[in-house]
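**Student:** This is the structure I want to talk about, given as structure tokens.
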Amino acid sequence: MVVTADEKLSAYLKSVLEQLAGWLVESQVQKTVLVVTNANTDEVLERWMFDIHADSPHPTSHSVQPVDIKPVKDIVNEIQAIMRQITASVSFLPLHNDPCTFDLLVYTDKDVHVPQTWEESDPRLVENSVEVRLRSFTTKVHKVDAMVAYKDPDTTI
């Protein structure tokens, strides 16, 4: 894991992750995406997608249906497995020699209140991409499917 010493980046991530956590609790998020771009050209190099499927529309509501209880240990093991897979992706992802930046995209329900500091974005797709499906994991409330798309190093534009 990389930890930043940049206070502005830490504040940005804290703000985004707190908002994302609130939306997740309310089952208002369908997808989160981490986009890696070339800082000099703004070309999209990688797109990490995490599709989020809620098992129930609003887990905090009182439901008459019993909820399957999944042991926390199993959830932790699944999350650790996908983190290991993401870490191991350096073995197949192209090396980036230019400086890179990133952006976080959150796909929410249309009726969700979005803070004024947030802005709309295009999907930031990778041209001439290779896609690799990663492991999925499930919690008691959500199923998360993961995939990375990256610029095919064998194509030239």
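Each value in this text was obtained by applying a stated rule to the coordinates, not by laboratory testing. What you are looking at is a predicted structure, and each value in this text was computed from that prediction instead of being measured. All Cβ positions, glycine included, derive from the backbone under ideal geometry; neighbour counts span all protein chains shown.
**Student:** Which distance in nm do the two modelled labels at L125 and H142 give, with both placed 7 Å along the Cα-to-Cβ direction?
**Tutor:** With each label point 7 Å from Cα toward Cβ, the separation is 2.5 nm.
**Student:** Can I ask one more? Which of the trypsin sites (Lys or Arg not before Pro) found in the range 77-150 are loop residues per DSSP with 15 or fewer other Cβ atoms within 10 Å of their Cβ?
**Tutor:** Working: sites: R84, K110, R124, R133, R135, K140, K143; in loops: K110, R124, K140.
Sparse-neighbourhood loop trypsin sites (Lys or Arg not before Pro): K110, R124, K140.
**Student:** If the chain between W118 and I82 were fully stretched, how many nm would it gain, using 0.36 nm times the residue separation less the Cα-Cα distance?
**Tutor:** Values: separation 36, 0.36 × 36 = 12.96 nm, distance 2.83 nm.
Computed gain between W118 and I82 is 10.1 nm.
**Student:** So which GluC sites (Glu not before Pro) in the range 63-157 end up in coil per DSSP with only 15 or fewer other C-beta atoms within 10 Å? Write down the numbers at each step before the final one.
**Tutor:** Values: sites: E78, E119, E120, E127, E131; in loops: E119, E120, E127.
Qualifying residues, ordered by number: E119, E120, E127.
**Student:** Using the Cα centre of the range 7-151 as the reference point, and only Cβ charges (+1 on K/R, -1 on D/E), how large is the resulting charge dipole? Debye, rounded to the nearest 20.
**Tutor:** 580 debye
**Student:** For the range 7-151, build the charge dipole from Cβ charges (+1 Lys, Arg; -1 Asp, Glu) around the Cα centre, then report which of P71, T32, Y12 sits farthest towards its positive end.
**Tutor:** So the residue we want is P71.
**Student:** Label-point separation (nm) for D111 and N38, each offset 7 Å from Cα along Cα-to-Cβ?
**Tutor:** Here the modelled spin labels are 4.4 nm apart.
**Student:** Kirkwood Rh, Cα Rg: Rg to Rh for the range 7-151? Display every interim value, and only then the final one.
**Tutor:** Values: Rg = 16.8 Å, Rh = 17.0 Å.
The Rg/Rh ratio comes out at 0.99.
**Student:** Next question, about the same structure. Cα-Cα over 31 Å: which of K31/K70; K73/K151; K8/K140; K110/K140?
**Tutor:** On the way: K31/K70 22 Å; K73/K151 36 Å; K8/K140 34 Å; K110/K140 24 Å.
K73/K151; K8/K140, as the Cα separations exceed 31 Å there.
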